[in-house]
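The values are calculated or read from the model by the stated rules, or taken from the named source; none is laboratory data. Every value quoted in this text rests on a predicted model; they were computed, and no experiment measured them. Don't worry about glycine lacking a Cβ; one is built from the backbone with ideal geometry, like all the others, and counts go over all protein chains shown. For accessibility, only protein heavy atoms count, side chains too; no ligands or nucleic acids. Shrake-Rupley method; radii C 1.70, N 1.55, O 1.52, S 1.80 Å.
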Amino acid sequence: MNKVLIIGGGVIGLSIARELKKKGISDITILERGAVGKEASFAAGGMLAPYSETNKFDDFFHFCEESLHLYPNFSEKLFEETGVDIELDKAGTLLLAFNEQDISEINHRYEWQKKAGLAVEKLSATDVHKLEPFVSPDVLAGLFFPNDWQVENRKLVEALHKFCELNEIKVIENTEISKLLTENGKVIGAESKTDKFFADKVILATGAWTSLIQTEVVSLPKVKPIRGQMIEFRTAKRLFSKVIYSTSGYLIPRQNGRILIGATSEDAGFDRNLTEIGTEILRSVALEIAPSLMNLEISEKWLGFRPFAADGLPILGEIAENLFIATAHYRNGILLAPITAEILAERVVNKTNSRYFETFSHKRFQAKVVR
Ligand SMILES: Cc1cc2nc3c(=O)[nH]c(=O)nc-3n(C[C@H](O)[C@H](O)[C@H](O)COP(=O)(O)OP(=O)(O)OC[C@H]3O[C@@H](n4cnc5c(N)ncnc54)[C@H](O)[C@@H]3O)c2cc1C
């Protein structure tokens, strides 16, 4: 096996390409309908946060945690390989309470996480202000998750793209695959309106667009877009050191003074129009966390399409002969890119199994026989 096609050049497709290259695959092509890394992977917040939203241990939590642990090495190696610093920031994450209901929510999370042996700290309002002086005076209490980090996801896709350029991974942009090519029930390539691409193995890393591809070999799982809008403020100096959640949204401070506020969650198809109501909701999230942002102009607004399967979990594995899938990472695709790339490339190159292929199999959506 020497020729691999990856359809989709987001963080998932790019990370898999890098991992395949490192495992010795010489002929890798990424086919991208637009420009590489400009969809969900560009729009994201870049939070690497398995802990702040967790109230239970399950395979998904362990998958997220394992991927988080890969990040320090992933970030260091990408810097050595490309010279691009993806700004892995380990300052941690705060979750703030502004009313009684928030307090009962964070208390519940704290009790559960403490019992489970996770690293979480309870903070008074005074503690919160010591850590983040620009947080609202109305804050009542908070939790600190030292192991929830962030990364600059736009730099991440830039680094991965550069890795491809430096390592002879072909990237073909403005090429939309409509159909998989098959022969005797096996996948042998993919087809755009104008071209055919042949390969030994094909990997679908097509994010929210996965269900639009036609194929006879397998019934592709349903993945739909969940739109997320974000806004941004800019300050000359960095005002916050940590990612800060309230129960209605989050604030992400970048090294260069950008302050990202996210995010809406909308079932609106592939509609690319930013909405006034979306902006208003995000502005109110920002002002609840830090009213001092009131007089700042919004410097940028954008949206992206989170790839969502019916149960909110990823879809991973080998789904037909020569055909692999890595999609539906929904709200955690930046966090999950390193582990997804590792297990998928292992599968493609060495046929190695992973328990996660069972948990995240496409078969979980197939009809079950009931009596
Ligand atoms: C507002 C927002 C905030 C988020 N915040 C976070 C966060 O803080 N942390 C986190 O971990 N995750 C976050 N996410 C989720 C994360 O962005 C996604 O899970 C992740 O980017 C998915 O990566 P992907 O490569 O599968 O998808 P994408 O980045 O969308 O890439 C898929 C690519 O495939 C291409 N493609 C699709 N179909 C075809 C075709 N037929 N032919 C050729 N190319 C095709 C597309 O053009 C696209 O470039 C956020 C998402 C949004 C929208």
The percentage of the accessible area of the stretch 129-232 (probe 1.4 Å, all protein chains present) made up of carbon and sulfur atoms, to the nearest whole number, is 49
Between residue 366 and residue 124, what length comes free when the chain is fully extended (0.36 nm per residue of separation minus the Cα-Cα distance, one decimal in nm)? 82.3 nm
Per 0.36 nm of contour for each residue apart, how much would the distance between residue 184 and residue 277 grow if the chain were fully extended, relative to their Cα-Cα spacing? 28.3 nm
Could you work out how far the C-alpha centroid of the stretch 221-280 sits from that of the stretch 22-70, in angstrom? 18
Expressed in nanometres to one decimal, the distance between label points 7 Å along Cα→Cβ at residue 104 and residue 56 is 2.0
Among 237, 21, 77, residue whose mean-square fluctuation peaks in a GNM of the chain (springs only between Cα atoms under 10 Å): 237
What residue among 205, 337, 91 shows peak mean-square fluctuation when the chain is described by a Gaussian network model with Cα springs under 10 Å? 91
Take the Cβ-Cβ distance between residue 170 and residue 23 as r, set R0 to 25 Å, and report the resulting FRET efficiency rounded to the nearest 0.05. 0.90
The summed charge of the residue 165 Cβ neighbourhood (under 14 Å; Lys/Arg +1, Asp/Glu -1) stands at -1
Can you give me the C-alpha center-to-center distance between the stretch 131-167 and the stretch 334-356, rounded to a whole angstrom? 24
Please build a GNM for the chain, connecting alpha carbons under 10 Å apart, and tell me which residue among 183, 76, 173 fluctuates the most. 183
Sum of side-chain charges, residue 339 neighbourhood, beta-carbon under 10 Å (Lys, Arg +1; Asp, Glu -1): -3
Say R0 is 22 Å: what FRET efficiency, to the nearest 0.05, do residue 302 and residue 214 get from their beta-carbon distance? 0.15
Using the Cα atoms of the chain to build a convex hull, what is its mean projected area in square nanometres? 20.2
Leaving out ligands and nucleic acids, note down the accessible area per residue over the chain with a 1.4 angstrom probe, in whole Å². 44
Of all chymotrypsin sites (Phe, Trp or Tyr not before Pro) in the stretch 155-198, the ones in DSSP coil with at most 15 other Cβ atoms within 10 Å are none
The local net charge around residue 225, scoring Lys/Arg +1 and Asp/Glu -1 for residues other than residue 225 whose Cβ lies under 12 Å from its Cβ, equals +1
